[in-house]
Amino acid sequence: MLLWIGFFVLITAALALDLGVFHKEPEKINVKEATAWSIVWISLSLLFSIAVYYAYTEDWSGIRQLTGDFIPGSKAVVLYLTGYLLELSLSLDNIFVMALIFTYFKVPNEHQHRVLFWGILGAVIFRAIMIFAGVALIQQFSWLIYIFGAFIIYAALKMWASKDEDEVDLKNNWLLRRVRKVLPVTRSFYGQHFFIKRGKILLGTPLLLTLLMIETTDILFALDSIPAIFSITTDSFIIFTSNIFAILGLRSMYFMLSAVLDKFKLLKYSVIAILLFVGLKMVSHGFIHLPEWASLVFIGGALLVGVVASLFANARTEEDTDPPI
C-alpha cells in the first residue's frame, strides 16, 4: 500500500508543479520548451524503472502478494518498459486527433496546455478504473484475454482500411449536440475559463467543449490501449504505472510534435503493426510463449522503422517537388 501511495504522491507533486508553478499563467508553448518537458517526463518514467526493480526484488510493501504474482525484479523492469513503450506508441494516434480538435475549435495556443492538463488528469482517473476492472475480469474469467485480442486485431484492421483523409466528424458529434442542448455555450473564449456566469445563468465556453472532446477521444483510444497492455502482463501495478507515465508525457509530446505531425504519417502503419502483434499474441497466448524482451524489441523496432520510413518518404517528396535547375 505504501508503494501505491508513494507513486500517487510523486505524480500529484509533478502535476502540481507543472500547472501551479511552471504553467501558472497562460502562455504559448514553443517546441523548445515542449522538447525539454518531454525529456523530463521520459527521464522520470525511465528512472521509475529503478523503483520497479527494487520494489519487486525487495518485495516493497508486499507488492508480490498484492499483485498475486512473484515477478523477479529484472523481469518486472522489462514488463514496465514494454508497457510504457506500448502505451506511448498507441498514443501517437491520439496526438493527431488532439491537433484536429484544437484546430476545429480554434483554441489559442496559450490555452491548449490547460485543456490538456485537465483532460489528461481526467484520463488518469478513467484509465485507473478501466485497468483495475480489466485486471479483475481477466483474473476471474481468463478466456476474456481471447476476446480482447480479437478486438485489438479488429481495431488494427479497421485502422488499416481507413483512409488518411478520414476525419472525426466534430460538426455532427452527438456529445457536442447534447451538451449544447443542456448548457448554453458562448461563441467566444473567455481566457482559460471553462464556465462563465451572466447574471444567474451559467454558460459554457468553447474551451469546455474542447475539453469534453479531448476526454471522450482518450476514452475511445483507451479501449484499444488498455486491453493491449494485457498482452504484456496482468500485474496491476506495472500496468497502471507504465500507462500513467506514458499519458502524463503526452501533453509535452503534443506540443513538440504538433508542428511536424504531417511528416510522420507512416507511423500509422507502425501502430497497426504493434496492434496486430499484441492482438495475435493475446489470442495465441495459450500455446505460444514469447520471452518478455521480444515484445519490447518488436514495439521499439516498429516505431523506429516508422520514423525512418517517414523521414525517407519526406526526403523523396521534397526531391520530387524541387524545381529543375
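Have a look at S270, S91, L183 and report the one farthest towards the positive end of the charge dipole of region 2-321, computed about the Cα centre with Cβ charges (Lys/Arg +1, Asp/Glu -1).
The residue sitting farthest along the positive end of the dipole is L183.
What does the extension gain come out to for M159 and L175, with contour length at 0.36 nm per residue minus their alpha carbon separation?
Extra length from M159 to L175 when fully extended: 3.5 nm.
Grab the beta carbon distance between L290 and V185, set R0 = 51 Å, and tell me the FRET efficiency rounded to 0.05.
According to the calculation, E is roughly 0.55.
I need to check one value: relative contact order of region 2-321, counting alpha carbon pairs closer than 8 Å and at least 6 residues apart, in percent. Walk me through the intermediate numbers first.
Details: 336 pairs, mean separation 99.2, N = 320.
For region 2-321, the relative contact order is 31 percent.
Under the classification rounded if a/c is under 1.5, otherwise prolate if a/b is larger than b/c and oblate if not, where does region 93-191 fall, given a ≥ b ≥ c as square roots of the Cα gyration tensor eigenvalues?
Prolate, since a/c reaches 1.5 and a/b exceeds b/c.
With just the Cα atoms defining each centre, how far is region 260-314 from region 217-248? Give it in Å.
16 Å
Of the peptides 307-313, 8-14, how do they stack up when ordered by the mean number of other Cβ atoms within 10 Å, highest first?
307-313, 8-14
Between A36 and L280, take the C-beta separation as r, use R0 = 30 Å, and let me know the FRET efficiency to the nearest 0.05.
Calculated transfer efficiency: 0.20.
Please compute the net charge surrounding M256, taking Lys and Arg as +1 and Asp and Glu as -1 over other residues with Cβ under 10 Å from its Cβ.
+1
Mind giving me the nanometre distance, one decimal, between the label points for A313 and A13, set 7 Å out from Cα along Cα→Cβ?
Using points 7 Å along Cα→Cβ, the separation is 4.3 nm.
How do I131, I232 line up, fewest other C-beta atoms within 10 Å first?
With the sparsest Cβ surroundings first, the list reads I131, I232.
So if R0 is 25 Å, what FRET efficiency would W4 and L47 give, r being the distance between their Cβ atoms, rounded to the nearest 0.05?
Working from the Cβ atoms, E equals 0.85.
Which value at 222 nm does the chain reach when only helices count, each DSSP H run of 4 or more adding -39,500 (n - 2.57), with the total divided by all residues and rounded to the nearest 500 deg cm²/dmol?
Calculated at 222 nm, the ellipticity per residue is -24000 deg cm²/dmol.
What per residue convex hull volume, in Å³, do the alpha-carbon atoms of the chain yield?
Spelled out: Cα convex hull of the chain, divided by residues, is 171 Å³.
Of K32/K263; K106/K200; K106/K158; K32/K75, which sit over 26 Å apart, Cα to Cα?
Over 26 Å apart, Cα to Cα: K106/K200; K106/K158; K32/K75.
Roughly how big is region 119-270's charge dipole about its Cα centre, with Cβ charges of +1 (Lys, Arg) and -1 (Asp, Glu), in debye to the nearest 20?
860 debye
Which value, in debye to the nearest 20, describes the size of the charge dipole of region 2-321 about its Cα centre when Lys and Arg Cβ atoms bear +1, Asp and Glu Cβ atoms bear -1, and nothing else is charged?
That gives a dipole near 1240 debye.
The numbers here are math on the coordinates, done by the rules we state, and not lab data. Computed from a predicted model, the values in this text were never measured in an experiment. Cβ: placed from backbone, ideal geometry, glycine included. Neighbour counts: every protein chain shown.
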